[in-house]
């Protein structure tokens, strides 16, 4: 199956770029970008939507929206993760009545490396294979690095990782067991992001940095396509998303925008952005209309611990277009939600993932979400990624 990708387009100026060439940011809007600020000139994958709409009527297939020819996908399969519905005790009173429509859970902790990041990595690895590039570098607090190490190994590529030395030990082990080259960085994810960009300047490689490579965004939309299909070809009213750098949020948003552009759906789901209290740059931006870094991001939810979110600007745009909202949750609320989700649904999720359940509980209490709306929790990582964070 050939890709229906037509071109990349800058989300700011609209300039178009050839997808057969390696592009990161727009060469005009991204000219003034410096590490340590939200990305400027981010590129969006644009498809032949008329062709996709026509072929979807014949046979619905998420691969119609793939930005890379699937024959280049790495051998290790990604996606098609479980989606199921369940009732969670304690939410009934928040919803003002016994739920007539149980909560939907999309559990991406069952991807090959244990996290949602495999969706982005799958496309980046495929892009490298298609372009004949044999080395990929990335920055990560752990999950993206584990994902790239895992899928890179399956494709026999050289993988170079820059990760904060404070990343959970279980994730650092997972990186090394796949024989990736690991560089531990003193400092934060943002420092690792800078180090990876510097490495890219002096090596013949592809950079997988989240948001920087456009296919990290497009790869993450695949879960949104699956949710639509697994939900009986219905658009949920709300999708609850854990947010750090904003790429999962924009990926889910783009999934439904692409479905709408292809004439398959009419409405977009509302998105609830859930952030840790100290890593709330996107929430503050949404509330005030002015961007500023998170002052001191310290949280057990390491996967959403970000000072400078790469896709802050696109995230706020997505929230506005979907009539979405943002909410902050504390580490205590995250830990309580982790135990609740595991005990009542059987899903053991890492702290960043269960921020969604904590956020839903607060949003219901605020009456942001109505009692009988169709709600989906996006669970992005397995609890075994960071077992040390569990408080029993």
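Beyond 17 Å, what percent of the Cα pairs of the range 318-362 remain? If you can, show how the numbers build up before the last one.
Working: 347 of 990 pairs.
The answer is 35 percent, as a whole percent.
Which distance in nm do the two modelled labels at residue 267 and residue 332 give, with both placed 7 Å along the Cα-to-Cβ direction?
3.7 nm
For 134, 141, what ranking results if the residue with the fewest other Cβ atoms within 10 Å of its Cβ goes first?
Values: 134 13, 141 24.
Exposure proxy ranking, most exposed first: 134, 141.
Rank the residues 185, 243, 177 as a footprinting-exposure proxy: fewest other Cβ atoms within 10 Å of their Cβ go first. List each step's numbers first, then the result.
On the way: 185 21, 243 32, 177 12.
Listing 185, 243, 177 from fewest to most nearby Cβ atoms yields 177, 185, 243.
What is the spin-label model distance, in nm, from residue 71 to residue 87 if the labels are put 7 Å beyond Cα along the C-beta direction?
Label-label distance for residue 71 and residue 87, simple model: 5.1 nm.
Residues of the range 243-278 with the amide nitrogen closer than 19 Å to a label point 7 Å from the Cα of residue 6, along Cα-to-Cβ, please.
It comes to 254-266, nothing else.
Suppose R0 equals 41 Å; then what is the FRET efficiency for residue 234 and residue 201 from their Cβ-Cβ distance, rounded to the nearest 0.05?
0.30
How are the Cα pair distances of the range 1-156 distributed, in percent, across 10 Å bins from 0?
9, 26, 33, 20, 10, 1
If you take the beta carbon distance between residue 342 and residue 28 as r and set R0 to 45 Å, what does 1/(1 + (r/R0)^6) give as a FRET efficiency, to the nearest 0.05?
Numbers: r = 48 Å, r/R0 = 1.07.
With a Förster radius of 45 Å, E is 0.40.
Shape call for the range 18-61 from the C-alpha gyration tensor, a ≥ b ≥ c root eigenvalues: rounded (a/c under 1.5), prolate (a/b greater than b/c) or oblate? The partial results should precede the final answer.
On the way: a/c = 4.22, a/b = 2.99, b/c = 1.41.
It comes out prolate by the Cα gyration axes.
Across the range 187-241, how large is the tail of the calculated P(r) beyond 15 Å, expressed as a percent of all Cα pairs? Walk me through the numbers on the way to the answer.
Values: 942 of 1485 pairs.
That fraction is 63 percent.
Compute the Cα gyration tensor for the range 25-96, then decide on rounded, prolate or oblate, letting a ≥ b ≥ c be the square roots of its eigenvalues: rounded whenever a/c is under 1.5, prolate when a/b is larger than b/c in the other cases, and oblate in all that remain.
Values: a/c = 2.13, a/b = 1.24, b/c = 1.71.
Oblate is the answer for the range 25-96, as a/c is 1.5 or above yet b/c matches or exceeds a/b.
Applying a 10 Å radius around every beta-carbon, put 157-169, 120-132 in order of their mean neighbour count, most first.
Numbers: 157-169: 21.0, 120-132: 23.8.
The densest-packed peptide leads the list: 120-132, 157-169.
Using square roots of five times the C-alpha gyration tensor eigenvalues, list the equivalent-ellipsoid semi-axes of the range 216-339 in whole Å, biggest first. Present the calculation step by step, with values, prior to reporting the outcome.
On the way: eigenvalues 130, 52, 28 Å².
Listed largest to smallest, the semi-axes of the range 216-339 are 26, 16, 12 Å.
Give me Rg/Rg_expected for the chain, where Rg uses Cα atoms only and Rg_expected = 2.2 N^0.38 Å with N residues. List each step's numbers first, then the result.
Numbers: Rg = 19.3 Å, N = 392, 2.2 N^0.38 = 21.3 Å.
Output field value: 0.91.
I want to make sure I understand the PRE zone here: with the label point 7 angstrom from the Cα of residue 287 toward its beta carbon, which residues in the range 330-345 have backbone N atoms less than 14 Å away?
What the label zone holds, given the 14 Å backbone N cut-off, is 330.
Quick check on the range 264-392: take the gyration tensor over C-alpha atoms, sort the square-rooted eigenvalues as a ≥ b ≥ c, and tell me if it's rounded (a/c under 1.5), prolate or oblate. List each step's numbers first, then the result.
Details: a/c = 1.85, a/b = 1.18, b/c = 1.57.
The shape class here is oblate.
Just for the Cα atoms in the range 281-354, what are the lengths along the principal axes, largest first, rounded to whole Å?
For the range 281-354, the Cα extents along the three principal axes come out at 39, 29, 17 Å.
Computed from the coordinates by the stated procedures, all read-outs in this text should not be read as laboratory data. Because the structure is a prediction, the values reported are computed rather than measured. Glycine also receives a Cβ, built like all others from the backbone with ideal geometry; neighbour counts cover every protein chain displayed.
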